[in-house]
Amino acid sequence: MAKKTSKKDLRNYLDFIPVHHEQYSYTVSDNGAVTVYVENKGVFNKIAQVVFKKPRISQIHLDEMGNFIWPLMDGKNTVYDIAEQVKAHFGEKAEPLYNRLVQYMRNLESYGFIRFKE
């Protein structure tokens, strides 16, 4: 039985241009580590903040490859351009490059950290 593919699956992510979402602020430390700040909103988060002493703003620390990729998502570079720079910087350590990078971009998009210009 053939697998059904949606239009979303048929999009070519390599042609997309990722851009940081304006809703989230971030900082880049001197050593290049990126931290994205997410405000915890909503009733349940307010309760958790009071009862469990959870922070109002969560800090998301990116991994080594994420730290390299984040500044490249400036609204000018396509995913393909970013992939080429990742390949030049990390070499074999980044393989399987395209599958890994596209999945990473999908994850960032699903969390709302980035959006794509097509």
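The values are calculated or read from the model by the stated rules, or taken from the named source; none is laboratory data. The model shown is predicted, which means the values in this text are computed figures rather than measured ones. Positions of Cβ are generated from backbone atoms using ideal geometry, with glycine treated the same way; all protein chains shown enter the neighbour counts.
Summed over region 103-118, the residues that are under 13 Å from the mean Cα position of the chain (by Cα) and either part of a loop (DSSP other than H, G, I, E, B) or among the aromatic types (F, W, Y) (or both) give a count of 5. None of V43, V51, V38, V34 is over 14 Å from F16 (Cα atoms) and at pLDDT 95 or above except V34.
Here the condition is being surrounded by fewer than 16 Cβ atoms within 10 Å (Cβ to Cβ), in contact with a helix residue (DSSP H, G or I) (Cβ under 8 Å, 6 or more places away or on another chain) and either of a type in the set (D, E, K, R) or within 14 Å of R115 (Cα to Cα) (or both); of K46, K54, it holds for K54 alone. Residue-level check: of (1) over 13 Å from the mean Cα position of the chain (by Cα); (2) at pLDDT 95 or above; (3) surrounded by fewer than 16 Cβ atoms within 10 Å (Cβ to Cβ), V19 misses just (1).
If only residues of region 27-84 that are free of Cβ contacts under 8 Å to residues at least 12 places away in the same chain and under 16 Å from the mean Cα position of the chain (by Cα) are counted, the one that is farthest from N12 (Cα to Cα) is T27. Residues in region 69-102 that are assigned to a helix (DSSP H, G or I) and surrounded by fewer than 12 Cβ atoms within 10 Å (Cβ to Cβ): A88, G91, E92, K93, N99.
So, in region 85-113, how many residues would count as being among the hydrophobic types (A, V, I, L, M, F, W, C) and free of Cβ contacts under 8 Å to residues at least 60 places away in the same chain? Residues that pass the stated criteria total 6.
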